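A quick write-up on the structure given underneath.
The values are calculated or read from the model by the stated rules, or taken from the named source; none is laboratory data. What you see is a predicted model, and the numbers here were worked out from it, not measured in a lab. Every residue, glycine as well, gets a Cβ built from its backbone with ideal geometry; the counts of neighbours run over all protein chains shown.
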Amino acid sequence: MPKTKRDEAREERIRMEVIVDAYDSEEQALGWYYYLEEKLHFPFPAKCIAERATSPLRKGDEVQVVGMAPEDECLHEMYVAMPWEGRTLSVPLSQLKGIRLDEETQEAVEDWHYWLAQGYEL
């Protein structure tokens, strides 16, 4: 069951810009990867909004997002890269909310969060 109200304009943008011509989950993942890589303007600050067992971040932690994780890491979920203890670590984009983002970056992050809230999967 969707967690948010259906947004027809967002659905249309996702259909036409992100997953257009995607016939399986791998093609959808690549569509999302390249959409986010193009629309997210790095670096940008973000705050952790949800803890995950696979991530060291705690709710409320603020981080600097510096890029997308490698493509092959994003076949089932979208990950972004951030500096962490002297190295670069990838965390789920779903775990983060951007802080003071430009309009295009904000829209892309919200598109990914919306997609997940609707119950869609890769």
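Okay, residues lined up against (1) modelled with pLDDT of 95 or more; (2) of a type in the set (A, V, I, L, M); (3) within 18 Å of K39 (Cα to Cα):
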{"site": "A69", "(1), (2), (3)": "yes, yes, yes"}
{"site": "M78", "(1), (2), (3)": "yes, yes, yes"}
{"site": "M82", "(1), (2), (3)": "yes, yes, yes"}
{"site": "E85", "(1), (2), (3)": "no, no, no"}
{"site": "G98", "(1), (2), (3)": "yes, no, yes"}
Search result, residues across the stretch 52-102 that are among the charged types (D, E, K, R) and under 21 Å from W115 (Cβ atoms):
R52, E71, D72, E73, E77, K97, D102
In the stretch 40-60, which residue that is out of contact with any strand residue (DSSP E or B) (no Cβ under 8 Å at 6 or more places or on another chain) and not charged (D, E, K, R) is modelled with the lowest pLDDT?
A53
Could you tell me how many of the residues in the stretch 100-122 are exposed (fewer than 13 other Cβ atoms within 10 Å of the Cβ) and either touching a Leu at 6+ places or on another chain (Cβ under 7 Å) or under 17 Å from C48 (Cα atoms) (or both)?
1
Examine the stretch 36-59 for a residue that is of a type outside the set (F, W, Y) and within 16 Å of Y120 (Cβ to Cβ), and state whether such a residue exists.
yes
Every pair of residues 6+ apart whose Cβ atoms lie under 7 Å, when the first sits in the stretch 96-117 and is on the phi > 0 side of the Ramachandran plot while the second is part of a loop (DSSP other than H, G, I, E, B) and at pLDDT 95 or above
none
Identity of the residue in the stretch 55-75, touching a helix residue (DSSP H, G or I) at 6+ places or on another chain (Cβ under 7 Å) and not in a strand (DSSP E or B), that ends up surrounded by the fewest Cβ atoms within 10 Å (Cβ to Cβ)
E71
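Residue by residue, here is whether (1) surrounded by fewer than 12 Cβ atoms within 10 Å (Cβ to Cβ); (2) free of Cβ contacts under 8 Å to residues at least 24 places away in the same chain; (3) assigned to a strand (DSSP E or B) holds:
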residue	(1), (2), (3)
E12	yes, yes, no
A22	no, yes, no
L36	no, no, no
F42	no, no, no
K47	no, no, yes
A50	no, no, no
A53	yes, yes, no
S90	no, yes, yes
If you check V63, V91, which single one turns out to be in contact with a strand residue (DSSP E or B) (Cβ under 7 Å, 6 or more places away or on another chain), of a type in the set (A, V, I, L, M) and closer than 25 Å to A22 by Cβ?
V91
